[in-house]
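S.K.: Here it is: the structure, laid out below.
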Amino acid sequence: MSSPLVPFSPRVYAPRRVRLAADLVAAGESGLALIPGNPSAPMNYAGNHYGFRQDGTFRYFFGLNQPGHVGVVDLDAGTATLYGPEASLDDVVWEGPQPSLAERAQAIGAQAAKPLADLGPDVLAAIDAGRPVHIVPPYRAATKQHLAGLLGTLPDTLGGHVSEPLIHAIVAQRSVKSDAEVAEIERALAVTNAMHRLAMRHAKPGTAEWETAGWMRGAALAGGGDVSFPIILTARGETLHNHPTGTPLKRGDLVLADAGAVAPSGYAADITRTFPANGVFSEPQRLIYQAVLDAQTAALDAIAPGVPFRDVHLVAARRLAQALTALGLMRGDPEQAVAAGAHALFFPHGLGHMMGLDVHDMEALGEDHVGYDAEVTRSTQFGLSALRLGRRLQPGFVVTVEPGCYFIPALVQAWKAEGKHAAFLDYTEIERFLTMNEGRGFGGVRIEDDVLVTDDGMRVLGPAIPKTVAEVEAVCAEMSGGL
């Protein structure tokens, strides 16, 4: 039975830690695995904090969503100790009754609970006894300082203490999602569905981008969590990570909304939809949108266990190149164009990434540790080099599938000046798209879903979020007064 303190029962967390220890021992390792949770981060003075987000690896193995804890797994004994604070009277006055440290440890099945002040002496004793202390790469300044103090080194030299075996063991375990984890991702997707439907109904000519983003954020909060990353909502979809501004939408704009909710359990969703601000796609918009949708459909059809995700990316790239060739934006053999990398003028990013407790799951451990291995290594080709996940898919992986097509003026101008891929690109026709929409340009289209790799293929997770041209236009036509 789960505790109000954590989303799963101790019978979930304890076996995860046992497996972690066993995998490391099997790899010839010993000592302690040190897994820090995140601290609070002051916004503008010590008592006013940013919204708290727990470290994904700590939450996977130790469950708690409170700041200021560190988990230690003793690899040789196969036991776990939770280090953390006891609530003071001031804490109770300001924040209400708090569970004791022992109660927190019991909720996650840890064998021991100790004050955080004991962590330093315990780590020093292990080091003095010649026992290795394994850590993963820290990504917050406060955590770097804390770990450096524990290990008797400087923050800039912590890289020498990072344990590759610990990283590999964590990635191997966290990559494959249990049924309970998939259910939590789908819980986040149910809220994300509401967020994107709100955006399609609310974003109209004259409405500022951040007004619609506010409706989306409100839906995420109302769902019991928050957004899983800062919302991308923009009429300038050709800028891949363009966040909302006060710019009013105009007739003819395409709105690109990349946003997801995070469930109370910490599991995240990540969905992108693109829709017309005035509710109806123009003919060029419809043709490019359909090309991206067809590329996504082809990619989804190609997903299966054992298939390298890089191959799935290339399936989407070839389908997009075929469509763009039919539209006169590209020319020549689409397969040769993709092999040369010419399609990356329109599709300069990767097809997707892992999903889970982190929206880019586990990438804090090192992107290539998560997305690549000895068999599949990262390409150096422009566009393909941005693919975050290339290795073979396994049942239980949850990945995003998000092809796009963008008309980026600076990139077009640079490639044209070089004559780059001139055999495959019709720059005259491409530049026509840069001057559309009263000179604002076409913008960009991205369509993204979260997908579970199954034993015999894949399943798109969550409720059906409007995606076809007809579905998107139908939701855009709904009255915003129904919010």
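S.K.: Only residues in segment 3-25 that are in contact (Cβ under 8 Å) with a residue 60 or more places away in the chain and closer than 18 Å to Ser163 by Cα count as the first member; pair them with residues that are open to solvent by 40 Å² or more (accessible area, probe 1.4 Å) and in a helix (DSSP H, G or I), Cβ under 7 angstrom, at least 6 apart or cross-chain, and list the lot.
M.R.: Note: pairs meeting the criteria are Asp23/Ala172; Leu24/Pro165.
S.K.: Within segment 84-98, can you find the residues that are of a type in the set (A, V, I, L, M) and either open to solvent by less than 70 Å² (accessible area, probe 1.4 Å) or within 17 Å of Phe58 (Cβ to Cβ) (or both)?
M.R.: Ala87, Val92
S.K.: Only residues that are of a type in the set (Gly, Ala, Ser) and over 20 Å from Thr468 (Cα atoms): list them for segment 297-320, please.
M.R.: Once the filter is applied, which keeps residues that are of a type in the set (Gly, Ala, Ser) and over 20 Å from Thr468 (Cα atoms), segment 297-320 yields Ala304, Gly306.
S.K.: State all residues of segment 11-54 that are over 26 Å from Ser265 (Cβ atoms), touching a Lys or Arg at 6+ places or on another chain (Cβ under 8 Å) and not in a strand (DSSP E or B); if no residue qualifies, say none.
M.R.: If the condition is that a residue be over 26 Å from Ser265 (Cβ atoms), touching a Lys or Arg at 6+ places or on another chain (Cβ under 8 Å) and not in a strand (DSSP E or B), then Ser30, Gly31 are the ones that fit.
S.K.: Could I ask something else about it? Taking the condition over 26 Å from His360 (Cα atoms) and in a helix (DSSP H, G or I), does Asp76 pass?
M.R.: No.
S.K.: Considering segment 34-60 alone, what residues qualify as being among the small types (Gly, Ala, Ser) and within 25 Å of the chain's Cα centre (by Cα)?
M.R.: Listed by number, the residues that qualify are Gly37, Ser40, Ala41, Gly51, Gly56.
S.K.: While we're on this one: Assess whether Glu186 counts as being over 17 Å from the mean Cα position of the chain (by Cα) and charged (D, E, K, R).
M.R.: no
S.K.: Also, quick follow-up: Could you say whether any residue in segment 7-30 is touching a His at 6+ places or on another chain (Cβ under 7 Å), of a type in the set (A, V, I, L, M, F, W, C) and within 29 Å of Leu221 (Cβ to Cβ)?
M.R.: no
S.K.: Give the number of residues within segment 314-339 that are open to solvent by less than 10 Å² (accessible area, probe 1.4 Å) and not in a loop (DSSP other than H, G, I, E, B).
M.R.: Total satisfying the criteria: 8.
S.K.: Counting residues that are open to solvent by 60 Å² or more (accessible area, probe 1.4 Å) and closer than 30 Å to Met354 by Cβ, which strands (runs of 3 or more DSSP E) fully inside segment 364-483 reach at least 2?
M.R.: 458-460
S.K.: Looking only at residues in segment 340-363 that are small (Gly, Ala, Ser), in a helix (DSSP H, G or I) and in contact with a helix residue (DSSP H, G or I) (Cβ under 9 Å, 6 or more places away or on another chain), which one is surrounded by the fewest Cβ atoms within 10 Å (Cβ to Cβ)?
M.R.: If we take residues in segment 340-363 being small (Gly, Ala, Ser), in a helix (DSSP H, G or I) and in contact with a helix residue (DSSP H, G or I) (Cβ under 9 Å, 6 or more places away or on another chain), then Ala344 is surrounded by the fewest Cβ atoms within 10 Å (Cβ to Cβ).
S.K.: On to the next question. Just one of (1) open to solvent by less than 10 Å² (accessible area, probe 1.4 Å); (2) more than 21 Å from the chain's Cα centre (by Cα); (3) in contact (Cβ under 8 Å) with a residue 40 or more places away in the chain trips up Gln290, so point out which.
M.R.: (1)
S.K.: Additional query: Scanning for something out of contact with any Gly (no Cβ under 6 Å at 6 or more places or on another chain) and under 30 Å from Ala125 (Cβ atoms), does segment 211-226 turn up at least one residue?
M.R.: No, segment 211-226 has no match at all.
S.K.: Of all residues in segment 303-313, which are open to solvent by 30 Å² or more (accessible area, probe 1.4 Å) and in a helix (DSSP H, G or I)?
M.R.: Arg310, Asp311, listed by residue number.
S.K.: Count, please, the residues in segment 4-22 that happen to be farther than 17 Å from Val176 by Cα, surrounded by 19 or more Cβ atoms within 10 Å (Cβ to Cβ) and not aliphatic (A, V, I, L, M).
M.R.: 1
S.K.: Now a separate question. Do we have any residue at all in segment 83-94 that's of a type outside the set (Ser, Thr, Tyr), assigned to a loop (DSSP other than H, G, I, E, B) and in contact (Cβ under 8 Å) with a residue 24 or more places away in the chain?
M.R.: Yes, that holds for at least one residue.
S.K.: A further question follows. Can you report the number of residues in segment 58-81 which are without any contact (Cβ under 8 Å) to a residue 60 or more places away in the chain, aliphatic (A, V, I, L, M) and within 12 Å of Arg17 (Cα to Cα)?
M.R.: Adding up the residues that qualify gives 4.
The values are calculated or read from the model by the stated rules, or taken from the named source; none is laboratory data. Remember, predicted model here, so these are calculated numbers, not experimental data. Quick reminder, even Gly has a Cβ in these numbers, built from the backbone with ideal geometry, and neighbours come from all protein chains shown. Heads up: the accessible areas ignore ligands, DNA and RNA and are worked out on the full protein's heavy atoms, side chains in. Shrake-Rupley method; radii C 1.70, N 1.55, O 1.52, S 1.80 Å.
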